[in-house]
Amino acid sequence: MVQRLLIAVAGASLITSAMLLGMNEVAQHLKERDPTQYFQISSFTPAPESRRPKPPPAPAVPPERPWLDHAQPRDTRVPVTAPSVDPERLAAPPLVPEPSPDAGSD
């Protein structure tokens, strides 16, 4: 049992130290390179002038923006009318039977 633990600790230590040294080597390699060459997408060749897309022309007159007049207060009250209720159409409440006095004497 102890042997397995020692082998596991030694293996984990070797893997950790190898990863740290490897990452250190990668960091040193990237540090020595030209800063613009970190990513390969930065080394592109531009297309000829005739194949480049042309941007759309700018509009001559900017469009009008919507405008709200907040200076004049308006009447914000809404007319409310009470609905008419027909009392004959209202349903009666359900009847609950009252317990009989004999039911509780069992």
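The values are calculated or read from the model by the stated rules, or taken from the named source; none is laboratory data. All values reported here derive from a predicted model rather than from experimental measurement. With ideal geometry, Cβ positions are generated from the backbone for all residues, glycine too; neighbour counts draw on all protein chains shown.
Evaluate the following for residue 1: is it modelled with pLDDT of 75 or more and either among the aromatic types (Phe, Trp, Tyr) or loosely packed, with under 10 Cβ neighbours inside 10 Å (or both)?
yes
Quick check: is even one residue across segment 43-61 modelled with pLDDT under 80, surrounded by 10 or more Cβ atoms within 10 Å (Cβ to Cβ), on the phi < 0 side of the Ramachandran plot and outside any helix (DSSP H, G or I)?
The answer is no, given that none of the residues of segment 43-61 is modelled with pLDDT under 80, surrounded by 10 or more Cβ atoms within 10 Å (Cβ to Cβ), on the phi < 0 side of the Ramachandran plot and outside any helix (DSSP H, G or I).
Does residue 64 count as modelled with pLDDT of 80 or more and acidic (Asp, Glu)?
The answer is yes for residue 64.
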